[in-house]
Amino acid sequence: MTSRAGVTDALVLAAGYGSRLREVAPCKPLAKIHGVSLIEIAVRQLAGVGVRRVTVATGYLADEIEAMLPVIARRAGIAVETRRVPDCRQPNGHSVIAGSAGFDGRYLLVMADHILSHDLLSALVANAPADADAVLAIDRRVASPLVDPDDATWVRLGKGNAIARIGKGLDHYDAVDCGAFVAGPGLSRAIAAAIGNGQPGSLSDGMQLLAGQGQARVVDIGDAWWIDVDDAKALRLAEAQVGERLPQVFDTKGAEA
């Protein structure tokens, strides 16, 4: 399926170190759940909502990740290409700038370490307003056991479906950032502008700048399932639930389909 905004491209951010999951895998995108790597799960989920081309932004252990992508592309039945981030030590907004450079229009943006259900991605694609530079999937279940409050990016909402504030250190918030966006060229421009203003260049820096311009909106995912696999605890939670939540990737026993 494609949205009214015509989203057929996607960008997966997979350039970071992933130090909190290092005990399980050399880098997070290659960590496996029941034999399937996180990066493959991301690509297959994107293919399931009508994406035709996936770009993976790589950096740390880029050779290892890129070596796996042709096999993943064949399994998913989708085109997969890569763009390397010049310096993987930089915040994730730099990955957005590098990775989205080949896109002409709007695209889905996800994190390699976030497992996103079909229902979540479908809701985001179907309901993203076409007049916003960036649209974020949000979850109002801020006390969910699947949300790590020490690592979550929080969202304070403004009028309607607009973002007022976004960041990890918010004292007052209405929802949590799910790590899935529909974005256009304006997001990369906003991140670059934030860097020019002396900010580190995180994705949230760009989103906050767009929020100030009224160009950052949200889609509420309702009861759709997702998880940020940021550490070993989250990996265990994901292992216990993916068989039921992602039947198109895993069979009912949790093995690769």
| message | Given the criterion open to solvent by less than 20 Å² (accessible area, probe 1.4 Å), more than 16 Å from the chain's Cα centre (by Cα) and within 22 Å of residue 9 (Cβ to Cβ), identify the matching residue among 190, 183. | response | 190
| query | What number of residues within segment 70-86 satisfy the criterion of being open to solvent by 40 Å² or more (accessible area, probe 1.4 Å) and either touching a His at 6+ places or on another chain (Cβ under 8 Å) or among the charged types (D, E, K, R) (or both)? | reply | 6
| field | Pairs, first surrounded by fewer than 24 Cβ atoms within 10 Å (Cβ to Cβ) in segment 95-113, second modelled with pLDDT of 95 or more and hydroxyl-bearing (Ser, Thr, Tyr), C-beta under 6 Å, six or more apart | value | 97/188; 100/188
| query | Across segment 121-149, which residue is surrounded by the most Cβ atoms within 10 Å (Cβ to Cβ) among those that are touching an Asp or Glu at 6+ places or on another chain (Cβ under 9 Å) and in a strand (DSSP E or B)? | reply | 136
| field | Single unsatisfied condition, residue 240 versus (1) within 16 Å of the chain's Cα centre (by Cα); (2) over 24 Å from residue 94 (Cα atoms) | value | (1)
| query | Is it the case that segment 150-160 has a residue that's modelled with pLDDT of 95 or more, within 23 Å of residue 97 (Cβ to Cβ) and either in contact with a strand residue (DSSP E or B) (Cβ under 9 Å, 6 or more places away or on another chain) or open to solvent by less than 10 Å² (accessible area, probe 1.4 Å) (or both)? | reply | yes
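The values are calculated or read from the model by the stated rules, or taken from the named source; none is laboratory data. From a predicted model like this one, the values you see are computed outputs, not experimental measurements. For neighbour counting, all protein chains shown are included, and Cβ atoms are generated from backbone atoms with ideal geometry for every residue, glycine included. Only protein heavy atoms, including side chains, enter the accessible area calculation; ligands, DNA and RNA are left aside. Shrake-Rupley method; radii C 1.70, N 1.55, O 1.52, S 1.80 Å.
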